[in-house]
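**Q** Handing you this structure, nothing more for now.
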Amino acid sequence: SQQGEEDPQALSIQEGENATMNCSYKTSINNLQWYRQNSGRGLVHLILIRSNEREKHSGRLRVTLDTSKKSSSLLITASRAADTASYFCATVLDSGTYKYIFGTGTRLKVLA
Amino acid sequence: NAGVMQNPRHLVRRRGQEARLRCSPMKGHSHVYWYRQLPEEGLKFMVYLQKENIIDESGMPKERFSAEFPKEGPSILRIQQVVRGDSAAYFCASSPPSRTGWDEQYFGPGTRLTVT
């Protein structure tokens, strides 16, 4: 598997429900970031969590990081139709290259 | 403060022609990244540049592709002798230097290249 893989690949939920998506990675990281991409547009940064942090909140978003399992999860609470988008995790490697490696994405559809 | 600007937004080229994609980073940002995205896929890192320097081009094909970020003006991603497989969305992102590590990237709207 490649660095930064999200699952599920696609998720369909009803408005008001919570959406959880996961990201796994392979090598040691400096930080992990989540981005949203609306169809046909550029990515928008959502939240950043550093390797020494375990949990972070931003509005309806909650991100956790488990460095021992090399995984992160993004929880969107009380989802809205406007949350429909693709969500990507990006890892910044702790190897001095400072290259951002993006995952394959989770396509979220929130039904009104 | 304008965001990251890319132009053109759409570019159509015939096989064998050259494609030039431009990116103007956000004001104050000295780091530029180029990514390529195929439909329904994630972003693939191509190259990371700072002003007048290519820092990491490990994601860029050795042939036909080149990138620059001159002291003045936008960053340019150049694809020579395009082939149909080059058809994709190309995104540019910029970030400021950070003492705490590498922070969020700000993305442009992308250039959609179609090779006919």
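Residues checked against (1) within 10 Å of chain B (Cβ to nearest Cβ); (2) surrounded by fewer than 14 Cβ atoms within 10 Å (Cβ to Cβ); (3) of a type in the set (S, T, N, Q):
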{"position": "A:Gln33", "(1), (2), (3)": "yes, no, yes"}
{"position": "A:Glu53", "(1), (2), (3)": "no, no, no"}
{"position": "A:Asp66", "(1), (2), (3)": "no, yes, no"}
{"position": "A:Ile76", "(1), (2), (3)": "no, no, no"}
{"position": "A:Phe102", "(1), (2), (3)": "yes, no, no"}
{"position": "A:Arg107", "(1), (2), (3)": "yes, no, no"}
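**Q** Condition first: in contact (Cβ under 8 Å) with a residue 40 or more places away in the chain and open to solvent by 50 Å² or more (accessible area, probe 1.4 Å). Now tell me which residues in region A:1-15 satisfy that. I'd like the intermediate steps shown before the answer.
**A** Going residue by residue through region A:1-15, those that are in contact (Cβ under 8 Å) with a residue 40 or more places away in the chain are A:2-15.
Scanning region A:1-15 gives A:Gln2, A:Glu5, A:Asp7, A:Gln9, A:Ala10, A:Ser12, A:Gln14, A:Glu15.
**Q** Take region B:5-32 and flag every residue that is touching a residue at least 60 places away in the same chain (Cβ under 8 Å) and within 18 Å of B:Trp102 (Cα to Cα).
**A** Listed by number, the residues that qualify are B:Pro25, B:Met26, B:Gly28, B:His29, B:Ser30, B:His31, B:Val32.
**Q** Can you tell me which residue is farthest from the other protein chains (Cβ to nearest Cβ) among those in region A:16-31 that are open to solvent by 20 Å² or more (accessible area, probe 1.4 Å) and within 13 Å of the chain's Cα centre (by Cα)?
**A** The selected residue is A:Thr20.
**Q** Return yes or no: is B:Phe45 of a type outside the set (Lys, Arg), more than 14 Å from every other protein chain (Cβ to nearest Cβ) and crowded, with 19+ Cβ neighbours inside 10 Å? Even if it seems obvious, please write down each step before you answer.
**A** On the way: of a type outside the set (Lys, Arg): yes; more than 14 Å from every other protein chain (Cβ to nearest Cβ): no; crowded, with 19+ Cβ neighbours inside 10 Å: yes.
No, not satisfied.
**Q** Given the condition closer than 26 Å to A:Leu32 by Cβ and in a loop (DSSP other than H, G, I, E, B), answer yes or no: does some residue in region B:2-24 qualify? Write out each step before concluding.
**A** Applying the first criterion (closer than 26 Å to A:Leu32 by Cβ) to region B:2-24 yields B:3-4, B:6, B:23.
Subset that is in a loop (DSSP other than H, G, I, E, B): B:3-4.
Looking through region B:2-24, at least one residue is closer than 26 Å to A:Leu32 by Cβ and in a loop (DSSP other than H, G, I, E, B).
**Q** Need pairs with beta-carbon distance below 8 Å; first residue in a loop (DSSP other than H, G, I, E, B) and within region A:28-55, second open to solvent by 60 Å² or more (accessible area, probe 1.4 Å) and not hydrophobic (A, V, I, L, M, F, W, C); sequence gap 6+ or separate chains.
**A** Partner pairs satisfying both residue conditions: A:Ser28/A:Asp94; A:Ser28/A:Ser95; A:Ser51/A:Ser28; A:Ser51/A:Asp94.
**Q** Are there strands (runs of 3 or more DSSP E) fully within region B:33-116 with at least 1 residues that are over 23 Å from A:Trp34 (Cα atoms), without any contact (Cβ under 8 Å) to a residue 40 or more places away in the chain and of a type in the set (A, V, I, L, M)? List them. Outline the logic, then answer.
**A** Values: elements: B:43-50, B:53-56, B:65-68, B:75-79, B:88-95, B:111-115.
Once the strands (runs of 3 or more DSSP E) in region B:33-116 are filtered for at least 1 residues that are over 23 Å from A:Trp34 (Cα atoms), without any contact (Cβ under 8 Å) to a residue 40 or more places away in the chain and of a type in the set (A, V, I, L, M), what remains is B:53-56, B:65-68.
**Q** Which members of region B:53-106 meet the condition of being farther than 14 Å from B:Val32 by Cβ, at pLDDT 95 or above and within 14 Å of another protein chain (Cβ to nearest Cβ)?
**A** Within region B:53-106, B:Ala88, B:Ala89 meet the criteria.
The values are calculated or read from the model by the stated rules, or taken from the named source; none is laboratory data. For clarity, every value in this text was computed on a predicted model and none was experimentally measured. A quick note on method: Cβ atoms are made from the backbone with ideal geometry, for glycine too, and the neighbour counts reach across all protein chains shown. Accessible surface areas use protein heavy atoms only, side chains included; no ligands, DNA or RNA. Shrake-Rupley method; radii C 1.70, N 1.55, O 1.52, S 1.80 Å.
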